[in-house]
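Reading through the structure tokens given below for one structure.
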Amino acid sequence: MRTQFRNGDVGLDPGLSAIMGERRQLINLAYRLLGSLTDAEDVVQEAYTRWYAMSRQRRESIASPGGWLMKVAGHICLDQLRSARARRESYVGEWIPEPLPDRTEWTGGRPGGTAADPADRVTLDESVDMAFLVVLESMTPAERVAFILHDVFRYSFAEVAEIVGRSPAACRQLASSARRRIRAAHAPARPAARRAAIVRDFKHAWEAKDIEALIGLLDPDATALADGGGLVNAAPRPIAGGEEIARYLVAVTGMVPAQTILERTVNGRPGLVVQHDGVTTSVIAFEIAGERIKRCWAVRNPEKLRPWTTC
């Protein structure tokens with residue numbers, strides 16, 4: 001396994017330091033597989049619980065503790081993914097992966113600039129882009145695990161096979177199928193500066209309640225989804241069409257006139273954060289195709305906005 005050990009705080013037992021140093025890698029894996037920081041934390045806690053449930057002799061016999069933890073975390077995630085469909089059926093409204101802030105944009109609000117949230121331990125790259133995570137949701141559990149472990153974390157198919165419980169050849173096919181899904185659904189990447197400019201123009205048009213400007217920035221076939229989790233008001237179903245989205249946004253703004261819209265990095269891409277009286281009420285991620293916004297994902301479920309409370 002390829003997990004690299006890192007030294008922990010001075011004074012810790014070297015073995016404990018090495019084990020706890022794997023936490024970031026485990027969170028990175030579990031978040032990409034589950035799309036939820038809360039679930040990722042639970043998975044990592046369970047992996048550590050299983051580690052310390054073993055006898056000391058058994059732990060000392062394991063050549064790569066980090067690799068062992070990754071394997072166990074992968075197994076736990078696979079089990080959760082297999083049961084996720086039933087859990088999602090009971091979820092109220094649309095389910096959207098939990099959005100991640102850019103660490104530099106939100107840790108400064110905490111005393112000493114430190115972060116206690118697990119989001120601090122997730123490395124932001126294209127594999128946590130919201131559009132990417134949404135495509136992952138369409139995959140089978142085995143496809144998702146094989147693809148993430150091999151293509152993102154660079155595990156060999158022999159190693160992946162140990163986790164997925166299939167042959168290396170079967171895991172290779174699973175990852176190949178996942179790649180095809182990604183290619184079919186992912187819009188060609190735009191330069192970061194251009195993406196930011198389009199999102200900024202969208203923000204200004206929204207603030208001005210300029211329906212025509214919003215329509216011009218939205219693809220005619222754009223779709224918008226909102227996740228309130230049954231806890232707050234949100235569009236109960238996807239909104240289809242650029243004009244429909246524009247009119248909906250302006251109507252919503254009229255109901256909450258005191259809201260503030262901020263430019264923020266969401267899952268490594270330009271996004272928007274909506275606040276009311278200083279409280280984050282929505283985090284919006286975008287997929288941009290060409291010069292227009294193709295998809296919008298608005299997370300309003302307060303349980304998923306925990307990392308944004310100090311943005």
Exercise. Can you list the residues of segment 175-206 with backbone N under 20 Å from a point 7 Å past the Cα of Glu291, pointing along Cα to Cβ?
Worked result: 187-206
For this session: Pull out the extension gain between Ala240 and Val279, defined as 0.36 nm times the separation in residues minus the alpha carbon to alpha carbon distance; nm, one decimal.
Result: 11.2 nm
Exercise. Residue farthest toward the positive end of the dipole of the chain, with Cβ of Lys/Arg at +1 and Asp/Glu at -1: which of Val152, Ala222, Ala131?
Worked result: Val152
Seminar exercise, completed: 1/(1 + (r/R0)^6) with r = Cβ-Cβ of Ser176 and Ser61, R0 = 25 Å, i.e. FRET efficiency to nearest 0.05, evaluates to 0.10
Exercise. Normalised by the number of residues in the chain, what is the relative contact order in percent for Cα pairs under 8 Å and 6+ residues apart?
Worked result: 19
For this session: Obtain the nm distance between the two label points defined at Thr49 and Ser138 by a simple spin-label model: each point lies 7 Å from its Cα along the Cα-to-C-beta direction.
Result: 3.5
Exercise. Roughly what % of DSSP beta bridges within the chain run antiparallel, to the nearest 5?
Worked result: 80
Exercise. Which residue, Arg50, Arg58, Arg183, has the most motion in a Gaussian network model of the chain that connects Cα atoms within less than 10 Å?
Worked result: Arg58
Seminar exercise, completed: Summing -39500 (n - 2.57) over every DSSP H run of at least 4 in the chain, dividing by its residue total and rounding to the nearest 500, the 222 nm mean residue ellipticity is -14500 deg cm²/dmol
Seminar exercise, completed: If every Lys and Arg gets +1 and every Asp and Glu gets -1 at its Cβ, then about the Cα centre segment 154-311 yields a dipole, in debye to the nearest 20, of 720
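Here, each number is a calculation from the coordinates, and none is a lab measurement. Everything quoted here is computed from the prediction, not taken from an experiment. A quick note on method: Cβ atoms are made from the backbone with ideal geometry, for glycine too, and the neighbour counts reach across all protein chains shown.
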